[in-house]
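Report on the structure given below.
The values are calculated or read from the model by the stated rules, or taken from the named source; none is laboratory data. Quick caveat: nothing in here was measured; it's all calculated off a predicted structure. Backbone-built Cβ (ideal geometry, glycine too); neighbour counts: all protein chains shown. Accessible surface is based on the protein model in full, side chains and every heavy atom, while ligands, DNA and RNA are left aside. Shrake-Rupley method; radii C 1.70, N 1.55, O 1.52, S 1.80 Å.
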Amino acid sequence: MHTGPLGSTIHVLHADAGTITELAAIDWNRWFPRVCLDPVLGLVTLMTPSRLHEDLGEIFAHIVHGAASAFTGASKDLRHTRLRGRNDPPGTGMEPDCAFYLGARARDYCAALAEGEAAADAFLERTPLDLVVEAEITSFDQGKIARYAEMGVGELWRLHGRKGTRELRVEFLALQPGAPPRPLSASRVLDGLTPDDVREAAASVRLAVNIEERTEAVARVVRRRRRASVRVREEEQPYAVRSG
């Protein structure tokens, strides 16, 4: 057992794939809010998130929903859903802090969900997620990033922080199967939103006292990013086109 940088309690066990498959029959979520059973890496990770860890998950879900409403028109949060590869045994997989379908995929997932849980599960199995957010990735679960890439997740937001401080670093990574993660200066799935934008929004959302203030904190950053994007597009156009 060890304590993560955000104060979460983390138990890590090593086991072979067959043992992990047997362990998957146990409902670990009865005792631990966050569970990772990874037969590929041979790891069982059981986490009790700290209050700060949980707060960050809620804050970033709010930020993604607000930005997605403006940029893609739709989002669906699959937080606490266990994600697994197509060939992974039932009951295994990882539970990210936040996981999202955006735009058309969000609408399609909700349409599948309306048909029933089986249809939603089938959609999730065949359709990669657009965005995953993870806080407190420790040395024990660095392999999560590669596993998300193998599952077809396009983008990962990684949060670095430390309990007892206001330090928060946000890193955007582009994922591709079989390739190392590539740092991004701006999001590819949320119209150029930057890590600085997200960090600013997170600080404001965390101190907001009602839903209106939380929504405005995100909207303020989105409006500024949209204005900046318009300026960049105008500057990239030939002078003759701009002048009409």
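Hey, quick one: spin label on GLU150, modelled 7 Å out along Cα-Cβ, who in the stretch 37-53 has an amide N within reach, i.e. under 14 Å?
37-44
Note the direction-averaged projected area, equal to a quarter of the hull surface, for the Cα convex hull of the stretch 1-68, in nm².
If you wrap the Cα atoms of the stretch 1-68 in a convex hull and average its projections, you get 5.8 nm².
Bin width 5 Å, origin at 0, all Cα-Cα pairs of the chain: what percent of pairs per bin?
1, 6, 13, 16, 18, 16, 13, 8, 4, 2, 1, 1, 0, 0
For the stretch 65-91 and the stretch 161-223, what is the separation of their Cα centres, given in Å?
17
Given the options ALA111, LEU173, PRO90, identify the residue whose Cα lies farthest towards the positive end of the charge dipole of the chain (+1 on Cβ of Lys, Arg; -1 on Cβ of Asp, Glu).
LEU173
Within 15 Å, Cβ to Cβ, of GLU22, how many net charges do the neighbouring residues add up to if Lys/Arg are +1 and Asp/Glu are -1?
Numbers: positive: none; negative: ASP16, ASP27, ASP38, ASP88.
Counting the neighbours of GLU22, the net charge comes to -4.
Taking a 1.4 Å probe, which of ILE59, ILE26 shows the most accessible area, and what order do the others take after it?
ILE26, ILE59
Quick test of the membrane-span-like rule: which DSSP H helices of the chain reach at least 24 Å along their long axis (C-alpha atoms) with mean Kyte hydropathy at least 0.0?
Passing helices, by number: 51-71.
Please find, in a Gaussian network model of the chain (springs between Cα atoms separated by less than 10 Å), the residue of ILE63, ILE211, ILE145 whose mean-square fluctuation is greatest.
Fluctuation is largest for ILE211.
Kindly provide the helix-only [θ] at 222 nm of the chain, computed as the sum of -39,500 (n - 2.57) over DSSP H runs of four or more divided by all residues, to the nearest 500 deg cm²/dmol?
-13000 deg cm²/dmol
How much length is gained on full extension from ARG162 to GLU125, taking 0.36 nm per residue of separation minus their Cα-Cα distance?
Length gained, ARG162 through GLU125: 9.9 nm.
Find the relative contact order for the chain and round it to a whole percent, using C-alpha pairs within less than 8 Å whose residues are 6+ positions apart.
Relative contact order, the chain: 15 percent.
Can you figure out the FRET efficiency of SER69 with TRP28, using R₀ = 35 Å and their beta-carbon distance, to the nearest 0.05?
Efficiency, rounded to the nearest 0.05: 0.55.
If you take the square roots of the eigenvalues of the alpha-carbon gyration tensor of the stretch 1-137 and sort them as a ≥ b ≥ c, do you get rounded (a/c under 1.5), prolate (a/b over b/c) or oblate?
It comes out oblate by the Cα gyration axes.
Which distance in Å, rounded to a whole number, links the C-alpha centroids of the stretch 10-54 and the stretch 106-138?
20
Once you put a point 7 Å from the Cα of THR19 and another 7 Å from the Cα of ASP108, both along the Cβ direction, what distance in nm separates them?
Here the modelled spin labels are 4.0 nm apart.
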